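Data first, discussion second: the structure below is written as structure tokens.
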Amino acid sequence: MFAGLLLLKSGNIQKSDPKLPLTTDAYTSKDKSPTPFFCQADEGKWCSAIMSGNTFTGAQPEQITSDVIKSPSYDSDTPNVFGVAYTSPKVNASGATGFGLRLGEELYKRGFGKNGKAVESQYGAYLMYGESSRNLVGYNVFLNTSSTHGAPIFKALMDQAIYRFFAANTSGSSTPVELKVSSHPLPLTASSKALFGSFMSFSACLFIVIAFTFFPASIIVFLVKEKQSEHNAKHQQLVSGVSLGAFWLSNYLWDLLMYIVPFAAAVILIKAFDISSLTGNGCVTCTDSTFVSVIVLFFCFGLAICPFTYCLSYLFREHASSQTYTIMINFVIGVVLMVVSFILDVIESTKDVNAVLVFFWRLSPLFNLGNGLLRLTLNEIKSLLNSDKEKKSPFSTDLMGYELIFLLLSAVIFSAAAVGIDFALTFPKAHPTMSSS
């Protein structure tokens, strides 16, 4: 149980995404990533100066010269590129739209090696405009969309270079200023955290029920062993004057005392790992009695599982095999039935069938434990998905009320059955029939 809850808690499902530095370090070539650029206008050599190695850093600039992209970019304003005729709207062959289209065509050829060897790790490119007489610099960023954060990365690199360029022109010396850009994702909202926490609670219910399938095995082994002929400890107690009522009561009290350990451990772990729909913390539809109801559920489970195991003990003669079979039986009537009931309840055509079957399955204390916890979790998930903020008492029959009732009834019925079967075995006629099974 501890390992399962620890595994759930260590996941990132409820954690907000961390700050992500936007740099070229994640690229294959890192700061040597080839970054083509074309200067639409380069008055005063501003464009070339900005893209020089001392000013532009973080990637490897590679200029596409006017020999490759001529001016105007196309012979007409209605070029045909990649089989597409740009007629409506037209492009300006001498403006940014024309040069942008032509640069995109050239980047495609470079990337796929249409005119030579393919250029790898090409994630960004620039169409630039520099005019010293008007102190004007402009640029368009071209991106390889395989880079998720390419847009802010290459925009930051260009802004950094432009800042360095103008700072150097003003002061007369280069400046080592660096522009650091990071992605700060918005934190998860309270409702998102509650929803993800409820999904975790669903898995936690399975881990809890699986863990408690092993508790009855620790009880049954001694009951089966002490009635074996080679030990016969129970017979010795009875012939010494111990009544059947006293024998079973002492076993019951001792087993309840031993149950305190897993009971306390489960409650502490649920609280320590803050399973939201079971503790009530950060739970939209939970009430102040949510965690109290979970404690009551575990307590009632302890009252019922002990006499239930006593009844199972009459099915076995070998204490070694009784442990294995008890774990298997409880796994089926606990974990498996809980999952089957959940699936039947999800499917619309079997929901009515499950509404009837669940009353038979509640004869299993382990099913009641798992289903009670699961109902609290599913109530939170359904409320969040349906935007229903109505709070229900966890003790109501809509949640775990029936499970608590059946656990208390099971404690009485199975206790009476365990003593009644043992009393019936004292009669000579009943003993051969019942013991042969």
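The values are calculated or read from the model by the stated rules, or taken from the named source; none is laboratory data. Because the structure is predicted, anything quoted here is derived from the model rather than measured. Reconstructed Cβ throughout: ideal geometry from the backbone, glycine too, with neighbour counts over all protein chains shown.
Observations on the structure shown:
- Residue match in the range 84-91 (condition: buried (at least 18 other Cβ atoms within 10 Å of the Cβ), at pLDDT 90 or above and either in contact with a strand residue (DSSP E or B) (Cβ under 7 Å, 6 or more places away or on another chain) or over 22 Å from residue 143 (Cβ atoms) (or both)): no
For every residue, the table says whether it meets (1) out of contact with any Phe, Trp or Tyr (no Cβ under 9 Å at 6 or more places or on another chain); (2) modelled with pLDDT under 70; (3) on the phi > 0 side of the Ramachandran plot.
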site: 195; (1), (2), (3): yes, yes, no
site: 211; (1), (2), (3): no, no, no
site: 216; (1), (2), (3): no, no, no
site: 228; (1), (2), (3): yes, yes, no
site: 231; (1), (2), (3): yes, yes, no
site: 241; (1), (2), (3): yes, yes, yes
site: 257; (1), (2), (3): yes, no, no
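- Taking the range 125-153 as the range and being of a type in the set (A, V, I, L, M), free of Cβ contacts under 8 Å to residues at least 40 places away in the same chain and under 18 Å from residue 62 (Cα atoms) as the test, the residues that pass are 141, 143.
- Scanning the range 103-117 for residues that are among the aliphatic types (A, V, I, L, M) and within 41 Å of the chain's Cα centre (by Cα) yields one hit, 107.
- Cβ pairs under 7 Å, 6+ apart, first in the range 45-71 and touching a residue at least 12 places away in the same chain (Cβ under 8 Å), second among the basic types (Lys, Arg) and not in a loop (DSSP other than H, G, I, E, B): 55/164; 60/32; 69/102
- Restricting the range 243-255 to residues that are at pLDDT below 85 and in contact with a helix residue (DSSP H, G or I) (Cβ under 7 Å, 6 or more places away or on another chain), the residue that is surrounded by the fewest Cβ atoms within 10 Å (Cβ to Cβ): 245
- Taken over the range 378-417, the criterion of being modelled with pLDDT under 90, part of a helix (DSSP H, G or I) and buried (at least 16 other Cβ atoms within 10 Å of the Cβ) is satisfied by 378, 379, 380, 381, 383, 384.
- Yes/no for residue 383 being under 29 Å from residue 284 (Cβ atoms), among the hydroxyl-bearing types (Ser, Thr, Tyr) and touching a Lys or Arg at 6+ places or on another chain (Cβ under 8 Å): yes
- Failed item in (1) surrounded by 19 or more Cβ atoms within 10 Å (Cβ to Cβ); (2) modelled with pLDDT under 90, with residue 338 passing the rest: (2)
- The set of residues in the range 82-122 that are assigned to a loop (DSSP other than H, G, I, E, B) and polar (S, T, N, Q) comprises 87, 88, 92, 94, 115, 121, 122.
Residue-by-condition table, conditions (1) of a type in the set (D, E, K, R); (2) modelled with pLDDT of 90 or more; (3) in a loop (DSSP other than H, G, I, E, B):
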residue	(1), (2), (3)
6	no, no, no
14	no, no, yes
17	yes, no, yes
36	no, yes, no
40	no, yes, no
47	no, yes, no
53	no, no, yes
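- Scanning the range 114-124 turns up one or more residues that are touching a residue at least 24 places away in the same chain (Cβ under 8 Å) and within 21 Å of residue 164 (Cβ to Cβ).
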